[in-house]
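No lab work stands behind these numbers, since they all come straight from the coordinates. Note that this is a predicted model, so its numbers are computed, not measured. Virtual Cβ from ideal backbone geometry, glycine too; neighbours counted across all protein chains shown.
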Amino acid sequence: MKLWPNADLLVDKLYKPSGRLIPNYPLASSSWFRVGGAAEVMFFPEDEHDLAIFLEKLPNDINYCVLGNKSNVLIRDYGISGIVISLGKAFSKIEVVDGDKILSGCSVLDKKLSSFALQNNIGGFSFYNSIPGSVGGAIKMNAGAFGQETKDLLIEVTLIDRSGITYNVKNSLLDFKYRSSNIANETLCLSALYQGYHSQYHRIYDEMISIKNLRNNSQPLREKTGGSTFKNTKHKKAWELIELSGCRGLSVGGASVSRKHCNFIINNGNATARDVESLGKLIISKVKSVTGIKLEWEIKCIGSGPEI
């Protein structure tokens, strides 16, 4: 793993928060692809106040990003420069509000949100059981599955910007589109208020089991992967275009296109991030050549690495 030679110097330049600052923090073992380099400096804030003060005092020339469950990101082999923020236990509170609304912290896993709704007889959240991320990421990318999206449930989100200012934004102002919102990269989600509806436990449970079975039968859930690799297009699903272009089973180095679901790239055990990204670019090229349609990444490729 490549180390950032000035990571300790960067820590020395930073305001010392209550939370932890860790130079050269390895990321591969906790990423879903199991690839990637280190964060130059990892910051685990103790709570919302700690995060706000840290951002307020952060010099403007130092970049940062936030990583959640690392399920829909490809971290390049040299890692991520600057600060990587990880929001932990202090941002994982979840509670029922006014009977059928749920207030959730941004680090709550989507699957946990779905299970919490089930336990409280609140319908509408079953699709989250199939999304391998956390609430903050789901909001930023308007995550969805099986015909539902985050925008269908969200009432408002609490955000914090680079200056450390916290504010609430209503759903209607987030410009939700397919797998996108207008939330800036440097803006962090802190919590979200969702609107569900009263339902019966067995109805919600049956719906979750149905979704789980569909996923088990169609997706490579036991592989090292980052979820759906490319966005669906207006007229065809990404997997159909990849199939039509003869890319099922295609490989580069230790990465290959899943034979079970060809919109999934998998790490066969020894892939590098460069292998995964190179394979993705090869798929985009082949699909464009055969169909005339250019696929867009759904997975976020972040950090730095060897040239492709």
Task: Under the Karplus curve 6.51 cos²θ - 1.76 cosθ + 1.60, θ = phi - 60°, whole-Hz ³J(HN,Hα) for the stretch 28-35, x wherever Gly or Pro sits - done: 4, 5, 9, 8, 5, 6, 6, 9
Open item on the list: Please list, by residue number, every one of the chymotrypsin sites (Phe, Trp or Tyr not before Pro) in the stretch 147-220 that is coil in DSSP and has at most 15 other beta-carbon atoms within 10 Å.
Closed with: Tyr178
Task: Over 23 Å (Cα to Cα) - which of Lys70/Lys294; Lys89/Lys111; Lys70/Lys111; Lys234/Lys294; Lys16/Lys140 fall in this group - done: Lys70/Lys294; Lys16/Lys140
TODO: Calculate, in whole percent, how much of the Cα-Cα pair population of the stretch 7-89 lies beyond 17 Å.
DONE: 42
Task: Inter-part distance where the stretch 1-19 and the stretch 167-202 are each reduced to a Cα centre, Å - done: 33
Open item on the list: Only counting other Cβ atoms within 10 Å, I'd like Val287, Val276 sorted with the fewest neighbours first.
Closed with: Val287, Val276
Open item on the list: Quick check on the exposure proxy: order Leu188, Leu10, Leu214, Leu295 from fewest to most C-beta atoms within 10 angstrom.
Closed with: Leu214, Leu10, Leu295, Leu188
Task: Integer Hz, Karplus 6.51/-1.76/1.60 couplings in order for the stretch 189-196, x for Gly and Pro - done: 7, 9, 7, 9, 10, 10, 10, x
Open item on the list: Check which residues have an amide H placed less than 5 Å from Lys300's amide H, if you skip close sequence neighbours.
Closed with: Val73, Leu74
- [ ] Starting from the amide H of Tyr64, placed 1.01 Å from N in the peptide plane, find each other amide H under 5 Å away whose residue is 5 or more places distant or on another chain.
- [x] Ile83
Open item on the list: So in the chain, which Cys have no other cysteine's beta-carbon sitting under 4.7 angstrom from theirs?
Closed with: Cys65, Cys247, Cys262, Cys301
TODO: Enumerate the amide H contacts of Gly79 below 5 Å, restricted to partners 5 or more residues apart or on another chain; note that Pro and chain-start residues carry no placed amide H.
DONE: Gly37, Ala38, Ser304
Open item on the list: Need the C-alpha centroid separation for the stretch 84-138 versus the stretch 248-291, integer Å.
Closed with: 31
Open item on the list: Please identify the DSSP H helices in the chain that span no less than 15 Å along the helix axis (Cα) and have a mean Kyte-Doolittle hydropathy of 0.0 or more.
Closed with: 273-291
- [ ] Specify which labelled value, from (1) 152; (2) 203; (3) 131, agrees with volume of the Cα convex hull per residue in Å³ derived from the coordinates of the model shown.
- [x] (3)
Open item on the list: Please list 3J(HN,Hα) in residue order for the stretch 297-308, calculated via the Karplus relation 6.51 cos²θ - 1.76 cosθ + 1.60 where θ = phi - 60°; whole Hz, with x for glycine and proline.
Closed with: 4, 8, 5, 8, 8, 10, x, 10, x, x, 5, 9
